[in-house]
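K.L.:
Here it is, the structure in full.
The values are calculated or read from the model by the stated rules, or taken from the named source; none is laboratory data. Model, not experiment: these values are computed from the prediction. Note that we place each Cβ from the backbone using ideal geometry, even for glycine, and neighbour counts take in every protein chain shown. Surface areas here come from the heavy atoms of the whole protein model, side chains and all, with no ligands, DNA or RNA. Shrake-Rupley method; radii C 1.70, N 1.55, O 1.52, S 1.80 Å.
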Amino acid sequence: MSYINENFLNMQDSYLFSTIAKKVAKYTEENPDKKIIKLGIGDVTKPIVPACIAAMHKAVDEIGTQEGFKGYGPEQGYEFLRNAIVENDYKARGIDIKADEIFVSDGAKCDCGNIVDIFAEDNKVAITDPVYPVYLDTNVMSGRSGKYNKEKDMYENIVYLPVTAENNFKPELPKEKVDMIYLCFPNNPTGTVLTKEDLKVWVDYAKENNSIILYDAAYEAFITEEDIPHSIYEVEGAKDVAIEFKSFSKTAGFTGVRCAYVVIPHTVKGYTKAGEEIELNKLWNRRTCTKFNGVSYVVQRAAEATYSEEGKKQIRANIESYLENAKIIKNGLEDAGFTTYGGVNSPYIWLQVPKDMTSWEFFDKLLEEVNVVGTPGSGFGPHGEGYFRLTAFGTKENSIEAIERIKNWKVN
Ligand code: MLT
């Protein structure tokens with residue numbers, strides 16, 4: 001008899017973005033003449049920039065020669081990329097991170113999901129609500145969530161930290177002690193940010209309670225305002241309590257190319273039941289060596305090229321153009337009478353749906369009546385109900401057209 005991991009039976013039917021894709025595919029099949037504009041999943045639309053393409057071409061030619069051939073690379077990533085990350089993403093911001101504290105991977109989604117491997121099953125997990133579903137689902141799969149309460153749409157052992165207009169999208173400290181805290185800023189899905197002072201409260205909490213902050217900074221390149229931290233390590237003390245996830249997906253359009261990294265400073269410790277302090281870097285390194293053979297050489301050369309002078313300019317131009325879409329969408333929605341949040345330091349615009357509608361009802365109406373796809377807030381958690389997310393990662397043309405359609409639409 002092969003017994004299954006029954007935690008999977010405790011999960012909701014389908015991953016949010018798969019549910020949406022299925023609904024859209026059904027609608028498209030039934031209405032082949034409609035031009036659907038997809039502003040749902042946060043997938044980029046701009047091609048990979050020339051600096052990265054040139055680096056990939058060069059790397060491809062190199063591995064076709066005897067001298068340049070590469071077999072298995074270091075599981076943690078090539079030194080050239082780890083050093084470029086240290087120099088550009090940390091040293092340049094006055095943060096002291098060492099190359100061996102960086103682990104290059106094939107995506108922040110996998111990293112955020114896989115990190116649970118190194119934590120005990122009985123850790124208490126806190127997530128913001130609404131939240132990127134991966135943090136919750138992977139803790140359900142690994143047995144940390146407790147039972148699902150259908151009525152509340154919540155798991156009994158998870159601590160939910162509401163982030164809504166009522167608290168200005170700033171999560172409050174939990175009333176009970178928690179061990180693992182997921183924070184994502186600029187936030188997915190709300191597009192809102194925390195200042196250094198806001199984050200310091202969490203770092204202090206984690207220090208006091210020997211908790212770990214799992215900080216997802218996948219959207220940091222979209223920060224436009226001065227006092228918003230690009231890395232949690234800008235906050236004093238964070239190097240003792242935080243693991244940071246970063247990605248080339250949204251920054252450099254690598255959603256299909258695949259490259260990201262995790263930072264685990266040597267000073268971040270977990271504990272055995274006997275109270276012994278253990279470096280989390282060591283555990284993650286051990287896990288990485290066992291379960292991963294590294295990101296391809298060609299892709300790592302492309303990631304390195306994002307830090308070249310040309311590469312930096314080219315990816316900045318793409319980010320600026322997504323931010324311009326965000327402005328178009330946000331301003332257009334406000335002109336159409338919607339209240340919006342985010343969209344300033346983020347590619348996501350979070351809007352309030354009309355009071356007499358649920359997020360999914362709004363999703364259906366928007367799809368059927370104006371053929372625009374977004375993401376219902378409740379798909380990100382119960383406190384997302386009443387909200388809706390649009391992404392600025394579409395083309396400029398589609399962003400403008402989607403907004404024109406919404407402006408000319410009678411939602412009620
Ligand atoms: C999103 O739409 O929330 C993200 O694109 C999903 C992801 O990055 O995996």
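K.L.:
Outside the structural domain of Asn188 (by TED's automatic domain parsing), without any contact (Cβ under 8 Å) to a residue 40 or more places away in the chain and away from the ligand (no atom under 16 Å from the Cβ): which single residue out of Lys26, Lys22, Lys91, Lys34 fits that description?
P.N.:
After applying the criteria, what remains is Lys26.
K.L.:
Answer with yes or no whether Asp227 is open to solvent by 30 Å² or more (accessible area, probe 1.4 Å), over 27 Å from Gly342 (Cβ atoms), assigned by TED's automatic domain parsing to the domain that holds Asp89 and in contact with a Lys or Arg (Cβ under 8 Å, 6 or more places away or on another chain).
P.N.:
Against the criterion (open to solvent by 30 Å² or more (accessible area, probe 1.4 Å), over 27 Å from Gly342 (Cβ atoms), assigned by TED's automatic domain parsing to the domain that holds Asp89 and in contact with a Lys or Arg (Cβ under 8 Å, 6 or more places away or on another chain)), Asp227 does not qualify.
K.L.:
Kindly list, by first and then second residue, each pair from a residue in segment 149-161 that is assigned by TED's automatic domain parsing to the domain that holds Asp129 and closer than 11 Å to Asp129 by Cα to a residue that is open to solvent by 100 Å² or more (accessible area, probe 1.4 Å) and in a loop (DSSP other than H, G, I, E, B), limited to pairs with Cβ atoms under 8 Å and residues at least 6 apart or on different chains.
P.N.:
Leu161/Glu172
K.L.:
Only one of Gly191, Gly237, Gly256 is on the phi > 0 side of the Ramachandran plot and under 19 Å from the mean Cα position of the chain (by Cα); which?
P.N.:
Gly191 is the lone residue from the list that is on the phi > 0 side of the Ramachandran plot and under 19 Å from the mean Cα position of the chain (by Cα).
K.L.:
Report whether or not Ala54 is within 16 Å of the ligand (Cβ to nearest atom), surrounded by 15 or more Cβ atoms within 10 Å (Cβ to Cβ) and not β-branched (Val, Ile, Thr).
P.N.:
It is false that Ala54 is within 16 Å of the ligand (Cβ to nearest atom), surrounded by 15 or more Cβ atoms within 10 Å (Cβ to Cβ) and not β-branched (Val, Ile, Thr).
K.L.:
Determine, yes or no, whether Glu236 is closer than 25 Å to Val201 by Cα, open to solvent by 10 Å² or more (accessible area, probe 1.4 Å) and out of contact with any helix residue (DSSP H, G or I) (no Cβ under 9 Å at 6 or more places or on another chain).
P.N.:
no
K.L.:
Of all residues in segment 37-73 being touching an Asp or Glu at 6+ places or on another chain (Cβ under 7 Å) and in contact (Cβ under 8 Å) with a residue 12 or more places away in the chain, which is nearest to Glu404 (Cα to Cα)?
P.N.:
Looking at the filtered set, the residue picked out is Ile37.
K.L.:
Looking for something in contact with an Asp or Glu (Cβ under 8 Å, 6 or more places away or on another chain) and either open to solvent by less than 50 Å² (accessible area, probe 1.4 Å) or within 27 Å of Ile223 (Cβ to Cβ) (or both) - is there at least one such residue anywhere in segment 315-330?
P.N.:
no
K.L.:
Okay, next question. If you check Gly275 against the conditions, is it surrounded by fewer than 17 Cβ atoms within 10 Å (Cβ to Cβ), of a type outside the set (Lys, Arg) and within 16 Å of the ligand (Cβ to nearest atom)?
P.N.:
It is false that Gly275 is surrounded by fewer than 17 Cβ atoms within 10 Å (Cβ to Cβ), of a type outside the set (Lys, Arg) and within 16 Å of the ligand (Cβ to nearest atom).
K.L.:
Any residue at all in segment 108-117 that is within 16 Å of the ligand (Cβ to nearest atom), open to solvent by 70 Å² or more (accessible area, probe 1.4 Å) and closer than 30 Å to Val235 by Cβ?
P.N.:
yes
K.L.:
Among the residues of segment 171-203, write down those that are surrounded by fewer than 16 Cβ atoms within 10 Å (Cβ to Cβ) and in contact (Cβ under 8 Å) with a residue 12 or more places away in the chain.
P.N.:
Leu173, Glu176, Lys177, Thr195, Lys196, Val201
K.L.:
Which of the helices (runs of 4 or more DSSP H) found entirely inside segment 274-391 contain at least 2 residues meeting this: polar (S, T, N, Q)?
P.N.:
Answer list for segment 274-391: 280-291, 309-335.
K.L.:
If you take the residues of segment 392-407 that are of a type outside the set (A, V, I, L, M) and assigned to a helix (DSSP H, G or I), which of them is most open to solvent (accessible area, probe 1.4 Å)?
P.N.:
It comes out as Glu397.
K.L.:
Mind listing whichever residues of segment 121-150 are hydrophobic (A, V, I, L, M, F, W, C) and either assigned to a helix (DSSP H, G or I) or more than 26 Å from Lys273 (Cβ to Cβ) (or both)?
P.N.:
Once the filter is applied, which keeps residues that are hydrophobic (A, V, I, L, M, F, W, C) and either assigned to a helix (DSSP H, G or I) or more than 26 Å from Lys273 (Cβ to Cβ) (or both), segment 121-150 yields Val131, Val134, Leu136, Val140, Met141.
K.L.:
Still on this model: State yes or no: is Val411 assigned to a loop (DSSP other than H, G, I, E, B), open to solvent by 10 Å² or more (accessible area, probe 1.4 Å) and farther than 30 Å from Asp137 by Cβ?
P.N.:
Taking the combined requirement at face value, the residue satisfies it.
K.L.:
So, Glu361, is that one free of Cβ contacts under 8 Å to residues at least 12 places away in the same chain and over 15 Å from Gly332 (Cα atoms) or not?
P.N.:
So Glu361 passes the test.
K.L.:
Please tell me if Gly77 is within 25 Å of Ser247 (Cβ to Cβ), surrounded by 13 or more Cβ atoms within 10 Å (Cβ to Cβ) and within 16 Å of the ligand (Cβ to nearest atom).
P.N.:
no
K.L.:
Taking segment 337-347, which residues are open to solvent by 40 Å² or more (accessible area, probe 1.4 Å) and of a type in the set (Gly, Ala, Ser)?
P.N.:
Gly337
K.L.:
Suppose we filter Arg258, Arg286 for residues that are under 29 Å from Tyr307 (Cβ atoms), modelled with pLDDT of 95 or more, more than 16 Å from the ligand (Cβ to nearest atom) and open to solvent by 40 Å² or more (accessible area, probe 1.4 Å); which single one remains?
P.N.:
Just a single option satisfies the conditions, and that option is Arg286.
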